[in-house]
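To keep things clear, I will list the structure first and then write my remarks on it.
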Amino acid sequence: EAQVTQNPRYLITVTGKKLTVTCSQNMNHEYMSWYRQDPGLGLRQIYYSMNVEVTDKGDVPEGYKVSRKEKRNFPLILESPSPNQTSLYFCASRPGTWTELFFGSGTQLSVL
Amino acid sequence: SQQGEEDPQALSIQEGENATMNCSYKTSINNLQWYRQNSGRGLVHLILIRSNEREKHSGRLRVTLDTSKKSSSLLITASRAADTASYFCAPLAGANNLFFGTGTRLTVIP
């Protein structure tokens, strides 16, 4: 089944403890992106990648890192999480420049 | 801002009625996309309308686009309780990003 897989689905952590949220797609999409969703603010883009080894900042990149070593994987790294990074995170991919996005199921992160 | 802005923020209707949601944006676009999100889940793409199209249908969905007014609408006909969700429009202006608004929360009452 064609899909974008995120893990974990839920994550509770403490301030400062490094964590990684994984994202994998099996559709051979070149473009991948991370979003966070907060009440009243909608979805905001964190980072995106147009292809392997090509990443760039979105609207809210502070406090996050990404890497794109393989086409299928695009992990989101929080080196030192803070409570203001508590949010619902989505990974997404798309097959072409002007096409639709395919979303993962989301990761609900709570930073205490 | 390049994001789409949905209106109304919330909409409550009876099952069987039609639901109309509107979207406004501020820049020239290549296309505009509509997505649906069930509570806390990932967004699911519903329909894409290109800038040179005025209307598009998909099942019970009808989308219109007026580029002169920079607006779009999503009509769901004969709504069902299962249509209860949040709906987002996302104009695509450049190669990178879809700019999502805060969505319209639709509640369909059985």
From B:Asn31, B:Asn52, residue being more than 13 Å from the chain's Cα centre (by Cα) and within 14 Å of another protein chain (Cβ to nearest Cβ) = B:Asn52
Just one listed residue, out of B:Thr84, B:Thr67, B:Thr77, is more than 14 Å from every other protein chain (Cβ to nearest Cβ), closer than 13 Å to B:Ser39 by Cα and more than 13 Å from the chain's Cα centre (by Cα), and it is B:Thr84
Residues (touching an Asp or Glu at 6+ places or on another chain (Cβ under 8 Å) and more than 19 Å from B:Leu43 (Cβ to Cβ)) located in region A:34-62 | A:Met50, A:Asn51, A:Val52
How many residues does region B:28-72 contain that are under 19 Å from A:Cys91 (Cβ atoms) and β-branched (Val, Ile, Thr)?
-> 1
Select, from A:Asn28, A:Asn7, the only residue that is at pLDDT 95 or above and on the phi > 0 side of the Ramachandran plot.
-> A:Asn28
Please indicate, with yes or no, whether at least one residue in region A:10-19 is surrounded by fewer than 15 Cβ atoms within 10 Å (Cβ to Cβ), aromatic (Phe, Trp, Tyr), in contact with a Ser or Thr (Cβ under 8 Å, 6 or more places away or on another chain) and not in a loop (DSSP other than H, G, I, E, B).
-> yes
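The values are calculated or read from the model by the stated rules, or taken from the named source; none is laboratory data. If you're wondering where the values come from, they're calculated on a predicted model, not measured in any experiment. Glycine gets a Cβ as well: all are built from the backbone with ideal geometry, and neighbour counts include every protein chain shown.
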